[in-house]
1. With a 1.4 Å probe and all protein chains kept in place, how much accessible area does A:R201 have, in Å² rounded to the nearest 10?
2. Please calculate the 1.4 Å probe accessible area of B:L438, with all protein chains present, and give it to the nearest 10 Å².
3. Under the definition of Cα pairs under 8 Å and six or more residues apart, what whole-number percent is the relative contact order of the stretch B:79-157?
4. May I ask for the net charge around B:E204, where only other residues with Cβ less than 10 Å from the Cβ of B:E204 are counted and Lys, Arg are +1 while Asp, Glu are -1?
5. Could you work out how far the C-alpha centroid of the stretch A:357-427 sits from that of the stretch A:251-294, in angstrom?
6. Which whole number gives the average count of other chain Cβ atoms within 10 Å of the Cβ atoms across peptide B:372-382?
7. Please give the helix A:47-58 orientation as an angle from the longest Cα principal axis of chain A, in degrees from 0 to 90, rounded to the nearest 10.
8. Averaged over B:110-117, how many beta carbons belonging to a partner chain fall within 10 Å of each residue's beta carbon?
Number of protein chains: 2
Amino acid sequence: MGKDLSQFIRNEAFLNKVVSAEEAASWIEDGMNLGMSGFTLFGEPKEFPLALSKRGEKENFKVNLYTGASLGPTADQSMAEAGIINLRVPYQGNATMRGKINAGEMYYIDQHLSHVAEEVRKGTLGKIDYAIIEAAAITEDGCIIPTGSVGNSPIFVEKAENVIIELNTTAPSAYEGLHDIYVLPEQGDRREIPLYKTGDRIGEIGIKVDPAKVKGIVLSEQPDIPSPLFEPNEETQQIANNLLDFFAKEVEAGKLPSSLAPLQSGVGSVANAVLNGMKTSQFKDIEVYSEVLQDGVFDLIDAGVVKFASATAFSLSKKRVDSLADDLEKYKDKIVFRPQEISNHPELIRRLGIISFNTALEVDIYGNVNSTHVSGTKVMNGIGGSGDFARNARITIFVTPSLAKNGAISAIVPFVSHIDHTEHDVDVIVTEQGYADLRGLPPVKRAEKLIEIAHPTYRPQLRAYFEEAKEKVGGQTPHILEKAFSFHTSLKEKGTMLFQENEVTN
Amino acid sequence: MGKDLSQFIRNEAFLNKVVSAEEAASWIEDGMNLGMSGFTLFGEPKEFPLALSKRGEKENFKVNLYTGASLGPTADQSMAEAGIINLRVPYQGNATMRGKINAGEMYYIDQHLSHVAEEVRKGTLGKIDYAIIEAAAITEDGCIIPTGSVGNSPIFVEKAENVIIELNTTAPSAYEGLHDIYVLPEQGDRREIPLYKTGDRIGEIGIKVDPAKVKGIVLSEQPDIPSPLFEPNEETQQIANNLLDFFAKEVEAGKLPSSLAPLQSGVGSVANAVLNGMKTSQFKDIEVYSEVLQDGVFDLIDAGVVKFASATAFSLSKKRVDSLADDLEKYKDKIVFRPQEISNHPELIRRLGIISFNTALEVDIYGNVNSTHVSGTKVMNGIGGSGDFARNARITIFVTPSLAKNGAISAIVPFVSHIDHTEHDVDVIVTEQGYADLRGLPPVKRAEKLIEIAHPTYRPQLRAYFEEAKEKVGGQTPHILEKAFSFHTSLKEKGTMLFQENEVTN
Ligand SMILES: CC(C)(COP(=O)(O)OP(=O)(O)OC[C@H]1O[C@@H](n2cnc3c(N)ncnc32)[C@H](O)[C@@H]1OP(=O)(O)O)[C@@H](O)C(=O)NCCC(=O)NCCS
Ligand SMILES: CC(C)(COP(=O)(O)OP(=O)(O)OC[C@H]1O[C@@H](n2cnc3c(N)ncnc32)[C@H](O)[C@@H]1OP(=O)(O)O)[C@@H](O)C(=O)NCCC(=O)NCCS
């Protein structure tokens, strides 16, 4: 690395701390708790976890890995492959790691993203032995400038015994100034979080760190990790249209202005299709107060649809990763990244009156939502921030295609096999069949609406369940517990949730 | 009524509005939305709903009834008996009404108590045609002084087209000054809620009302309605001891000070036993930031254990109802009543770092909690504020006896038949068998702890389920969906959740 380090490490107390990734990795002991930067593959250290994984191939040790959210191939994947993780908190989205978790080869706590910092403060997750933070620079006054996410880095740095900085000398210098680092004091000593508009800046541009705690600085030239590009297909486009239709009706009814309300959107194909659809919609001057910014947000800023976006991380495709340095300069005054405790904080979500939409795996006829577990047992990714937003949003929306696995699975079922969001929290469900506005409806009326937006193939057997439950059992929330999971057991036994009689008659 | 009304109605604009309850009841039309004061039987109008129910015996009409929380014999019960309720929101606890709801004879939306005011603001529940509010007085500047609860009265009065005041001339005059009425503006226009300590006063002592909206004042001499007195028995005492033991361990470990943290407690027998147990415990100077104040709180103030208590309503036994006027004078500077939107607000619960404990109906082996539905179908009371606290508390605790119905029911089951609080939100479960501290544990380790605090009779069949699920299915959260409700179906078919083989071998 022929680069002049003093350009990146602008405080002398840090200059003599540069070590190799291997040396830094050698400091880690069996049973340690590591707090790592990183969120939706952005802003994570790469050289350090690779070196640690490599060490793990020869040595026998395990660590507990805490992060912002999901990490990529150099961290979650390589560490899972090396078998060096005992416990992973709070979110992952990696196929290899998921496999290990579901095989019982490592532990996983699927935790609300806004809760992690509080749990660290309270000591529930033990002390943080090492914080390992990717940085774009270290400033004159000893602040770490994060890269493409903030996540839980500020609390990890504050509470860690030791800090390792992975300085990425290829990170766009325009990362500096993007972040707004605000850390809460202990509970009981708190005032308000003084954020009243999505664009308010309330903290510092970097994470203050005591140089004495910084045990080493690892250098990296690894680029940001792109996510798959989600192009809308017919189905996601139809879901997006239905959601936009719902928004339009709310505006027509005078319940929302044409700028809607600050918007949180999940990541993935549907979210991207919605953002795409908004480009040519009637909505203007929208503010985004979300967790993650996908490609679409830049286009929407260009189109004048979005006027400001607050989040804790990027999740960008290859194309946008390549232009990121320029984009950061261009959109600097329209974007801010905050700690996930702030982007997902109940105080702010309720105060700002966020409209939230996230993707569900399955939804039951009364509006309970499963975001995490396939057939109730195998975890997919995790609840992420969906609960933080769902619980406190002005309007809580979940979207899902009505079918999965070529029709073998109905996303609307009698009883979800795992509940992440309860009937008390869910307002609107959108599929490609339409939307079900559940607000102000008791359970039996919600079921009517939800059966309507199931796929037509599954409507008869959903209706049959609901009618039988009303007739034979009744109650506020009619169910026949013996048959509540009949869709899931049919899937297991016959490879499809579709019952024989329906297959014939439909 | 020979009383001098000017003593109660201290603003002239209101003096000529007195009407009979019958007349006021005659104004109500089929399909109207009524927003009524009242919470845990305190502070509800009594003459008006009785008159309306009487009218309902002869006339055919139905109304939608929105309140703070549960009402008593003169309101929920008489209106349910008269069959004049179409929809009830957000909470009830009356046997007659529960029967009607579960028979499908009226609708019920079981809603988080902190959400109701937002739903009214957003118009989800339609416009409020009439607010009917029990008052202890109307002040010189035209404020309604509430009685033994605040609930949702402020938002009902603000949004209602018409207001009926039920002036209770027997209400203790010391109610005046007890309340702290703070109403939030629309979402998007909000600043912080400026409450930083449980005792902060941030609003007015009464509910400001435009006299032009007040269509009538009904007079009442009906006393406050007492709740049953819950004397600790061996079982609730043991649950209380276990919970106090948990608190003591937290203090020992330096995780909590001896004043603990502001406490929210549910109502009922266990809550009362805990409060009772605290009288002689090591804990001092505790602050209460809760929803409801039961008898115990006065004794704890006397004992120096509690130094301040904030809530939205009383729930008192006959003994304490009788001495209430004196008690209010005595404890005036130690108690404050707030709107339920404030007592249960996520911003404040998170900021203050509340410790919350509420009663569960059933809990599953992974820590999901059912607070509302017996066998998943018949609603008991409702979620009340338990979700508001559970979701945002510093420590979220649920308590329950390990058995119900003389042992025919285990409160710990493989899969709860309804989920009100998810695994992501639940920290500690306490039964008379002990406590399970689930914090920092992945699902399979939670199950180990939870099976330990099930009743010994049920442990073998819980363990058998868990072991079979791990072996045959595995995954992050092992379940055998075909058998997930086997406890419940056994109860239905054989009258007990206990399986034959266990009955024999235990
Ligand atoms: C729910 C979630 C998994 C959907 O992901 P997605 O990529 O948008 O949607 P997809 O339709 O591609 O579904 C992903 C996979 O789940 C499968 N799936 C979907 N519904 C299913 C169901 N009911 N049962 C079983 N599998 C299902 C799909 O077939 C697909 O499988 P594949 O990867 O083998 O092709 C994802 O949004 C998630 O993890 N959400 C929880 C966290 C969250 O909401 N975060 C954002 C807010 S902060
Ligand atoms: C859960 C709740 C019903 C328990 O009430 P409680 O009076 O403290 O407890 P009890 O043990 O007396 O139980 C009440 C009834 O439920 C029955 N019950 C308890 N567990 C049961 C179970 N798992 N299945 C079926 N019935 C059960 C009891 O047998 C009892 O029946 P009975 O009235 O016929 O005797 C009550 O606390 C509640 O409604 N909670 C939800 C709202 C809330 O938490 N509010 C407070 C915070 S704001």
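The values are calculated or read from the model by the stated rules, or taken from the named source; none is laboratory data. Quick caveat, the model's predicted, so the values are computed rather than measured. FYI the Cβ positions are ideal-geometry reconstructions off the backbone, even for glycines, and counts take in every protein chain you see. In case anyone asks, the SASA skips ligands and DNA or RNA and just uses the protein heavy atoms, side chains included. Shrake-Rupley method; radii C 1.70, N 1.55, O 1.52, S 1.80 Å.
1. For A:R201, the solvent-accessible surface is approximately 110 Å².
2. Around 10 Å² of this residue is reachable by solvent.
3. Reported relative contact order: 22 percent.
4. 0
5. 20 Å
6. Averaged over the peptide's residues, the number is 5.
7. Tilt relative to chain A: about 80 degrees.
8. Working: counts 7, 3, 4, 0, 2, 5, 0, 0.
Average per residue, whole number: 3.
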